1. Taking amide H positions as placed 1.01 Å from N in the peptide plane, with prolines and chain starts having none, which residues 5 or more places from A:Val121, or on another chain, fall under 5 Å of its amide H?
2. How tilted is helix A:154-164 with respect to the longest principal axis of chain A? Cα atoms for both, answer in degrees (0 to 90, nearest 10).
3. Whose amide H sits under 5 Å from the amide H of A:Ser191, counting only residues 5 or more places off or on another chain, with H placed in the peptide plane?
4. Counting protein heavy atoms only and a 1.4 angstrom probe, how many square angstrom of accessible surface do chains B and A bury in total, to the nearest 100?
5. When a/c is below 1.5 the answer is rounded, else prolate if a/b is larger than b/c, else oblate, so apply that to segment B:10-98 with a ≥ b ≥ c taken from the square roots of the Cα gyration tensor eigenvalues.
6. Compute accessible area for segment B:35-51 by itself and then with all protein chains, 1.4 Å probe, and report residues whose area falls by 50 Å² or more.
7. Could you state the angle between the C-alpha long axis of helix A:166-181 and the longest principal axis of the C-alpha atoms of chain A, as a value from 0 to 90 degrees rounded to the nearest 10?
8. For chain B, build the charge dipole from Cβ charges (+1 Lys, Arg; -1 Asp, Glu) around the Cα centre, then report which of B:Ala9, B:Val34, B:Leu78 sits farthest towards its positive end.
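The values are calculated or read from the model by the stated rules, or taken from the named source; none is laboratory data. All values derive from a computational prediction rather than experimental measurement. Every residue, glycine among them, receives a Cβ derived from its backbone with ideal geometry; neighbour counts consider all protein chains shown. Remember, those area values only see protein heavy atoms, side chains included, never the ligands or the DNA or RNA. Shrake-Rupley method; radii C 1.70, N 1.55, O 1.52, S 1.80 Å.
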Amino acid sequence: MAMIDANGIRLHVQRMPAKNTAAERPPTVVFIHGLGTDSLASFYFTLAAPVSAAGMEVLAFDLRGHGRSGRPESGYRIDDFVGDLHAMLDAMDVEGPVHLVGNSFGGTVAFSYAVAHPERVASIVMIESEPATTAWSAKLGGLLGRAAEQLRYEEAFAWITENQGAHTSRLAKAASNALCNTSMATDIPASRVHTAEEIESVTCPVLAIFGSESDLAVQAQVMETRLERCRSVIVGGHEHSVLVEAPKTVRDLLLPWVAEHEGGRVLEGTPA
Amino acid sequence: MTTTPDLSAPEAVLADISEMLREVLGEYGLDDAVIEMDTKFHEDLELESIDLVALSGQLEQHYDGRVNFAEFIADLELDEIIELTVGRLVDYVVSCLTSVGGR
């Protein structure tokens, strides 16, 4: 486990080396997880090992307020998460553009990072995710506000324990620490959202993956229309948790995607 | 004549893993948990997935990079992960330690 100090906060980062490759500068894939009970573990145990085995450097980190990273009382606007990502890449000596892979809120952070630092991004993969817009902010405000309110009551823990097992209860408690004891639930929806021009300024390739049963699936069409180089894929039979429920499907989309957008560099020197 | 203990024997690996798990569980004040081959990570130990990342780092360090827990989990189906027992991890570690190139 690596703990680094970046952007004034302690961040938990996991690195996996590029294996089975002789490429001098293998591509770097950066995984960014979602909100609440999520952590880098959802990528660490699904895509990280296969991506590393396919000859790519892997970086996964816990967002502030999540997993083993620091949990400041305030400072949870998207710009803070973008600043953390930027500082983490510098601290880990990452050179050249990276492939950002974000799940849910992690994809929103990835997109905002590409708006702020287009020269550092080779491509973006957004899983069940959308860019930060006014509509996104209103939706997140409602979701986070309700979650924080619900979790604020001790009774909620008893109810969760009874109905969903102790494990979920402990996860819910961990999330409530951040949601109730920090300004996360109000900061995230108060983030500066992107203008239409900013969204359209993202010209790197974007792969948008959705579950067919998710209410976000309608974003596929929207993103393909608004972005210059966006390809969307709908995975049948899944809702929002497509990453953890169908990791092999997501992996089979991700590996050729990175290879395609590395101009074939991935395959150089990779044993057959 | 002395005999060298077989560090890749299932009993030895179970003891190693139990030690690592107690360290992880210690953060929750649960370092006295009973850990056996049929103990389930999810149901019995209630480990969060981020705790398993810590366990993964310990396994990698303890066995000099010969055990890749992330790779093992990535090959499993979701229901197998939920039902994962300590014994299944022990078997995997033993197979890593005794495979060609193992010491």
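1. A:Val98
2. Between helix and principal axis, roughly 60 degrees.
3. Amide H to amide H, under 5 Å and 5 or more residues apart or across chains, A:Ser191 pairs with A:Ile78.
4. 1900
5. Details: a/c = 1.38, a/b = 1.16, b/c = 1.20.
Rounded shape, in that the Cα axes give a/c under 1.5.
6. At a threshold of 50 Å² (probe 1.4 Å), the residues of segment B:35-51 that become less exposed are B:Glu46, B:Glu48, B:Ile50.
7. Once rounded, the angle reads 90 degrees.
8. It is B:Ala9, whose Cα lies furthest towards the positive end.
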